[in-house]
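Scroll down for the structure; my scribbles are underneath it.
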Amino acid sequence: MVPLTALNPGQVGLIHQLRGGHEFVSRLAALGFTPGTPVVVTRNHGFGPLIVSVRGAQVALGRGEASRVLVYVEEAVDALSNSH
Amino acid sequence: MRYPTVIETAPARLSPVAAATITVALAGQPNVGKSTIFNALTGLNQHVGNWPGKTVEQKTGSCTYRDRRLNFVDLPGTYSLTANSMEERIARDYILHERPDGVVAVVDSAIPERSLYLLAELLQLPTPVVLVLNMMDVATQEGVQVEPQVLQAALGIPVVPMCATKNQGLQEMLDALIDLVEGKFPYNPRRPVILPAHQRVLEQLITLIADHVPAPYPADWVALKLLEGDGEMVHLMQETLPRAVWEQVHSILYQHEDAILDIAGARYAWIARMTRAAVVRPRVGPMGLTARLDRVLTHPLWGMVALLGVLACIFGLTYAIGVPLQEGLDGLIQHLVRAVHDGLHGVPHWLVDLLSDGLLGGAGMVITFLPILVIFFAALGFLEDTGYMARAAYNADRFMHALGLHGKSFMPLLLGFGCNVPAILGTRIIETQRARWLTILLAPLIPCTARMAVIAVLAPVFFGEAAAWVAWGLVAVNLGVLAVVGIVFHRLVLKGEPAMFIMELPLYHLPNARTIGLYVWQNVVAFLRKAGTVILAASVAVWLLSYFPADGDVTQSYLAWIGRALTPLGKAMGLPWPLMVALLTSFVAKENTIATLGVLYGDFATVLPTLLTPSAALGFLVVQMLFIPCVATVAAIRQETQSWRWTAISVGLMLTLSLTAGVLVYQVGALL
């Protein structure tokens, strides 16, 4: 189980846990970040915010926010991103 | 397995509505094209104001169809109906308290799963819903197929496909709405259900609170919101429930703190069931337009290059088109001022002066900046409507982060280069008060076009050939001060967490001319309204100070008196008192500096360089750039924060910063 920030572009994580205050959990849950949901990382430069794809939508997450989303790494897929 | 339904005691109001007027609320998540639909339906027949007591924009409008008058209320765009933000509270309060005849739920057909989440919440409120599948063209572009009839059969509510930018589906939506409120549609919604594990808890809660829930809230909806941990409902029930009952409720909620995740998960499971047959999404296929564009536009290097290019285009346009137009209008105002002076005979002298110098020279001057603002608003409206603005915020986030802000503060600050007033109003898109107030505090440090105009006149007077370098240096000083103030306030002054950066990146789509046009129009009207009230009043006030008691001799006026009183301060900056007066009058409108120097010195371009040392001149320009915001900006700060204290802090900060900088530049310069 790792934070979302540990994933490389193209990697998929299954959401396990959201660590944060109630507002944080509630806002992410509404956007579809619920346990068991696959999240594809499309941008992670190693600094600055991430872009992830969840339930068909692209969502930018600040690094602090992304580090509080814990996921199980599923598999590496050849995704859209070409960064690095 | 039969899923127990959560909300059964709040049936949709389906007794046919006979009245000639129908009230409809437009609901939807952000970026689903809701305002395009609203504009297409109501055109210019709309009213823009604020929600009562709130700083959130409210749009209402109407149209006539099938002998019915339909009043539309555009609810704020929200992802859910849990009270995480003011927008969400407004949206649900409107539906619960005002009881519209129908709700139109707009979803983005290209991301049906996510955008149907709001529908899941809307179906739990007691108002019938028509579902609109908007942006069918974007869905096709991204390779997503949605079958409206199949979805309608699954949901049991009217479903209308739409492409609002091409005027497709609007009439069908109105037909569906009227059929629905006339009872002609077999309305039988399948509502989302809660996990069986939580069903008993929910029933317990309903039983506990049922007798105490105040109107107009449905008890089972309140119970569900309590279980979701909704702050507003928790507070409401804590106030309303007898103490013993509240303690029981509280202990149940305490044991199920994480229920929100299960409830949201169950809503998404419901969406998956509803869309299983209706939505086809290619697993692997040609890359959509959005993914292809984002390969460049969110790239760590090329994304920044693109952002800088976009900014360069906006400023290039402003200077190529906006500035000449502004100068033209400025000439027109000067012409009018002379015409008033020459043309009005037999009218008291003070009245002529009031009209020409007070009204035209003050408020009239501010209006000359309209062309620049129109270009700015058009550019920003365009970027917003195509979906690029969110990428700009994403790219800018790294830099904003150090200031305790995030990417969403970027757009309002960018607006500040045009005029600080819309920048302050633009902070409404920022969710938390802390980040919003910090952005409001920083916005006046962005050099607006009015200040740049003063610099454009004065820098060549003092520095001749080197003027352009001085101007760029002054902009850099302002941005540097902005960064320092941001870091200091973020780290040392404001308590609390920095704002969360959670932002959707909408799919790219072709911009809609009508949407952009109305955006520009509404902002221009708001600006003119301000120029006609606050700015006008302040212009007259300063004119009074400059005219009396010596009947027009400014050197003997109250203003000069104040300026002379500031002589010690002026000395520390190497400035004679007329320059202090010029600074003071820039409080009304920044370009007044030039007008005042003209009044006090006549041909200041030849006089000033002989009076000021280069370091005093540079100090004066620095003070001018950092001086207290103009009265229109101060009024906007007060209006948006609803706090005199924060307004005073903002003005005090700018005053301290500018004067300190002025003294420093002069004293250090004198040593060299």
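Assorted remarks:
- Pairs where the first residue, in the range B:95-115, is within 14 Å of chain A (Cβ to nearest Cβ) and the second is in a strand (DSSP E or B) and surrounded by fewer than 24 Cβ atoms within 10 Å (Cβ to Cβ), C-beta under 7 Å, 6+ apart: B:S109/B:V146; B:I111/A:A57; B:P112/B:V146; B:P112/B:V279; B:R114/A:A57
- Number of residues in the range A:20-31 that are within 8 Å of chain B (Cβ to nearest Cβ) and either aromatic (F, W, Y) or over 14 Å from B:A264 (Cα atoms) (or both) equals 1.
- Condition check for A:E23: part of a strand (DSSP E or B), charged (D, E, K, R) and either surrounded by fewer than 22 Cβ atoms within 10 Å (Cβ to Cβ) or touching a strand residue (DSSP E or B) at 6+ places or on another chain (Cβ under 6 Å) (or both): no
- Any hit, the range B:233-250, residues being open to solvent by 20 Å² or more (accessible area, probe 1.4 Å), within 14 Å of chain A (Cβ to nearest Cβ) and modelled with pLDDT of 90 or more: yes
Results for (1) at pLDDT below 85; (2) within 14 Å of chain A (Cβ to nearest Cβ); (3) crowded, with 23+ Cβ neighbours inside 10 Å, shown as yes or no for each residue.
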residue: B:L403; (1), (2), (3): yes, yes, yes
residue: B:T439; (1), (2), (3): no, no, yes
residue: B:R451; (1), (2), (3): no, no, yes
residue: B:P460; (1), (2), (3): no, no, no
residue: B:V470; (1), (2), (3): no, no, no
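- Answer residue from the range B:627-672, given it is assigned to a helix (DSSP H, G or I) and hydroxyl-bearing (S, T, Y) and is nearest to B:F587 (Cα to Cα) among those: B:T633
- Members of the range B:600-626 found to be part of a helix (DSSP H, G or I), among the hydrophobic types (A, V, I, L, M, F, W, C) and buried (at least 19 other Cβ atoms within 10 Å of the Cβ), listed by number: B:L600, B:F604, B:L608, B:A616, B:A617, B:L618, B:F620, B:L621, B:V622, B:V623, B:M625, B:L626
- Residue-level check: of (1) open to solvent by 10 Å² or more (accessible area, probe 1.4 Å); (2) outside any loop (DSSP other than H, G, I, E, B), B:M500 misses just (2).
- A residue that is within 14 Å of chain A (Cβ to nearest Cβ), surrounded by 16 or more Cβ atoms within 10 Å (Cβ to Cβ) and outside any loop (DSSP other than H, G, I, E, B) can be found somewhere in the range B:481-490.
- So B:E431, is it acidic (D, E), away from chain A (no Cβ under 14 Å) and farther than 18 Å from B:G480 by Cβ: no
- If you go through the range B:123-166 and keep only what is within 14 Å of chain A (Cβ to nearest Cβ), small (G, A, S) and in contact (Cβ under 8 Å) with a residue 60 or more places away in the chain, you end up with just B:G143.
- Among the numbered conditions (1) at pLDDT 90 or above; (2) on the phi < 0 side of the Ramachandran plot, the only one that B:G156 does not meet is (2).
- Note on the range A:32-47: among residues that are free of Cβ contacts under 8 Å to residues at least 24 places away in the same chain and within 7 Å of another protein chain (Cβ to nearest Cβ), the one that is least open to solvent (accessible area, probe 1.4 Å) is A:T34.
- B:F185, sole failed condition from (1) free of Cβ contacts under 8 Å to residues at least 60 places away in the same chain; (2) farther than 30 Å from B:S62 by Cβ; (3) hydrophobic (A, V, I, L, M, F, W, C): (2)
- Restricting B:A266, B:A291, B:A306 to those that are modelled with pLDDT of 85 or more, in contact with a Pro (Cβ under 9 Å, 6 or more places away or on another chain) and crowded, with 18+ Cβ neighbours inside 10 Å reduces the list to B:A266.
- In the range B:352-400, residue nearest to the other protein chains (Cβ to nearest Cβ) [restricted to those that are surrounded by 20 or more Cβ atoms within 10 Å (Cβ to Cβ) and free of Cβ contacts under 8 Å to residues at least 24 places away in the same chain]: B:M400
- Residue selected from the range B:32-78 under the condition of a type in the set (F, W, Y) and in contact with a helix residue (DSSP H, G or I) (Cβ under 7 Å, 6 or more places away or on another chain), by the criterion most open to solvent (accessible area, probe 1.4 Å): B:Y65
- For first residues located in the range B:645-665 and more than 26 Å from B:A616 (Cα to Cα), partners that are hydrophobic (A, V, I, L, M, F, W, C) and open to solvent by less than 40 Å² (accessible area, probe 1.4 Å) and lie 6+ apart or on another chain with Cβ distances below 6 Å form the pairs B:T647/B:I637.
- Given (1) part of a helix (DSSP H, G or I); (2) over 11 Å from the mean Cα position of the chain (by Cα), index of the condition B:G426 fails: (2)
The values are calculated or read from the model by the stated rules, or taken from the named source; none is laboratory data. Note that the structure is predicted; figures quoted are calculated from it, not measured. So basically every Cβ, Gly included, is an ideal-geometry build from the backbone, and we count neighbours across all protein chains shown. With ligands, DNA and RNA removed, areas are computed over all heavy atoms of the protein, side chains included. Shrake-Rupley method; radii C 1.70, N 1.55, O 1.52, S 1.80 Å.
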